[in-house]
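The values are calculated or read from the model by the stated rules, or taken from the named source; none is laboratory data. Because the structure is predicted, anything quoted here is derived from the model rather than measured. Cβ sites come from the backbone with ideal geometry, for glycine too, and all protein chains shown count toward neighbours.
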Amino acid sequence: MQVAATVLGVLHDRGRKGLACNELYRQLWNKELYLLAYGNIYANQGAMTPGASEETADGMSEEKIDAIIEAMRHERYRFTPARRVFIVRRVALCCIPDSVGRNLEDCFWV
């Protein structure tokens, strides 16, 4: 497997240039990417707030990451639906839609 920082750098450059990213699904088997994403989420102030389930970011473990990777490798992993909420903004007097999902799946979107 490649180093996570190198993979993210290549994906960032290709995305900025508008080029296609081949074999991206295979990169989801890289454990370092999950650990890097978890480090970004865990440092966030709202990481201890439960999402649609009672799961929080502190419940993540390497065993869970390994289970996710195995399920992805065999195409058995299913994302759970997110709860849709609207955040009221006082400045613009409007609502902003946001999705509250499981903290476990936030690793995929970082």
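Tell me, please, whether a residue that is part of a loop (DSSP other than H, G, I, E, B), under 22 Å from L11 (Cβ atoms), at pLDDT below 85 and touching a Leu at 6+ places or on another chain (Cβ under 7 Å) can be found in region 31-53. Looking for residues that are part of a loop (DSSP other than H, G, I, E, B), under 22 Å from L11 (Cβ atoms), at pLDDT below 85 and touching a Leu at 6+ places or on another chain (Cβ under 7 Å), one finds none in region 31-53, hence no.
A count restricted to region 54-76 and to residues that are within 20 Å of L8 (Cβ to Cβ) and not in a helix (DSSP H, G or I) stands at 1. For region 4-30, a residue qualifies if it is part of a loop (DSSP other than H, G, I, E, B) and either farther than 22 Å from K64 by Cβ or of a type in the set (G, A, S) (or both), and the qualifying residues are G18, L19, A20, C21, N22, E23.
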